[in-house]
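Notes follow once the structure below has been shown.
The values are calculated or read from the model by the stated rules, or taken from the named source; none is laboratory data. The model shown is predicted, which means the values in this text are computed figures rather than measured ones. Cβ: placed from backbone, ideal geometry, glycine included. Neighbour counts: every protein chain shown. SASA here: full protein model, heavy atoms, side chains in, ligands and nucleic acids out. Shrake-Rupley method; radii C 1.70, N 1.55, O 1.52, S 1.80 Å.
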Amino acid sequence: MFKERVAVITGASRGIGHCVAAYMAERGATIVAVSRNAADTAALVDQIENAGGQAISVAADVSVGADVDGVVKTAIDTFGRIDILVNNAGITRDALLPRLKDDMWDEVININLKGAFLCTRAISRVMTKQRYGRIVNITSVVGQMGNAGQANYCASKAGLVGMTRSNAIELGRRNVTVNAVAPGFIETDMTAGLPEKVREDMLARIPLGVFGQPADVAAAVAFLASEEAGYITGHELSVNGGMHM
Ligand code: NAP
């Protein structure tokens, strides 16, 4: 599916990003695994190499332009091209409005939204020269619905949808597609710490009756990142068990 394709996956050290990287590598992609500490993706790289694939770890904070430039340089120096970018790195800093501090707002916007912008701007330069690219942004069901205690996070994800569409318009002529995948409640470290009551309330709202797994998201990301999805751009694909329609 991804033979000869090089994929940069941000936030590949755990959760959804880790699963996306492993899923694409199993289908032939060469992986550039990005997280803040390269040691955190070392096991993933070993796993891919032991299975006969190719991968490297690159340390970068996606909200820092110089770090992002370093990712691009390392990827190009090592593999010569970048075909796929998955903007997956993300954080939450939850609080109800009166307690939502400036730094909690800034941190979430800087990583979730500005980070995706910095990666897209840098990597789309490579893709437009190649006349080929697939960019997939990880948004969220709460960016569509809103959620108490997550004004910063929901704003970052709704903003990412606007960016997805704008970038899709700008980059389409160069055969670069830009889409989003909006996960619902997926079982990862991000959701593991939520109070039992919140988990129960969420579950009651999911028609399929179960929480999602990272592999559910990975399959959707891989489809939008594939050559076969070449006539789809500017789309946000929900992977939420029917939680929001
Ligand atoms: P997670 O388990 O907490 O993993 C987050 C990943 O992002 C880690 O690999 C982390 O790497 C990386 N990251 C955070 N800040 C970074 C930064 N400044 N620079 C580079 N990497 C950074 O979260 P997850 O649940 O897999 O979420 C992945 C994405 O899906 C996020 O964008 C999240 O908003 C979205 N999402 C998740 C759910 C859900 O239910 N889990 C639902 C909707 C959307 P290090 O900390 O190792 O650097």
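Worth a mention:
- Check on V71, within 13 Å of the ligand (Cβ to nearest atom) and hydrophobic (A, V, I, L, M, F, W, C): yes
- Filtered residues of the stretch 171-193 (kept if open to solvent by less than 30 Å² (accessible area, probe 1.4 Å) and more than 15 Å from the ligand (Cβ to nearest atom)): L171, V176, T177, V178
- Enumeration of residues in the stretch 70-89 that are in contact with a helix residue (DSSP H, G or I) (Cβ under 9 Å, 6 or more places away or on another chain) and more than 16 Å from N110 (Cα to Cα): V71, V72, A75, I76, R81, I82, D83, I84, L85, V86
- Scan the stretch 22-43 for residues that are more than 10 Å from the ligand (Cβ to nearest atom) and closer than 19 Å to G70 by Cβ and the total you get is 4.
- Verdict on G133 being farther than 24 Å from G241 by Cα and near the ligand (Cβ under 9 Å from one of its atoms): no
- Residues satisfying the stated conditions in the stretch 80-95, i.e. within 28 Å of N147 (Cα to Cα), within 19 Å of the chain's Cα centre (by Cα), part of a loop (DSSP other than H, G, I, E, B) and of a type outside the set (V, I, T): N88, A89, G90, R93
- Among the residues listed as D67, D77, the single one being within 27 Å of A155 (Cα to Cα), charged (D, E, K, R) and assigned to a helix (DSSP H, G or I): D67
- Of everything in the stretch 5-53 that is in contact (Cβ under 8 Å) with a residue 40 or more places away in the chain and out of contact with any helix residue (DSSP H, G or I) (no Cβ under 7 Å at 6 or more places or on another chain), the residue that is farthest from A229 (Cα to Cα) is G17.
- A single entry from A168, A122, A151 fulfils the requirement of being surrounded by 18 or more Cβ atoms within 10 Å (Cβ to Cβ) and out of contact with any helix residue (DSSP H, G or I) (no Cβ under 9 Å at 6 or more places or on another chain): A168.
- Subset of the stretch 47-62 that is more than 16 Å from the ligand (Cβ to nearest atom) and small (G, A, S) - its residue that is nearest to I31 (Cα to Cα): G53
- Of all residues making up the stretch 118-159, the number that are in contact (Cβ under 8 Å) with a residue 12 or more places away in the chain and assigned to a loop (DSSP other than H, G, I, E, B): 7
- A21 vs. criteria crowded, with 16+ Cβ neighbours inside 10 Å, under 14 Å from the mean Cα position of the chain (by Cα) and either modelled with pLDDT of 95 or more or not polar (S, T, N, Q) (or both): yes
- Comparison of V72, V62 shows that the only residue that is over 16 Å from the mean Cα position of the chain (by Cα), crowded, with 18+ Cβ neighbours inside 10 Å and not in a strand (DSSP E or B) is V72.
- Scoring E196 on the criteria (1) touching a Cys at 6+ places or on another chain (Cβ under 7 Å); (2) loosely packed, with under 14 Cβ neighbours inside 10 Å leaves a single failure, condition (1).
- Criterion (more than 8 Å from the ligand (Cβ to nearest atom) and not charged (D, E, K, R)) met by exactly one of G90, G65, G115, G11: G65
- Here V142 fulfils each of the conditions (1) surrounded by fewer than 20 Cβ atoms within 10 Å (Cβ to Cβ); (2) touching a Cys at 6+ places or on another chain (Cβ under 7 Å) apart from (1).
- Per-region count, the stretch 94-113, residues open to solvent by 90 Å² or more (accessible area, probe 1.4 Å) and within 19 Å of I9 (Cα to Cα): 0
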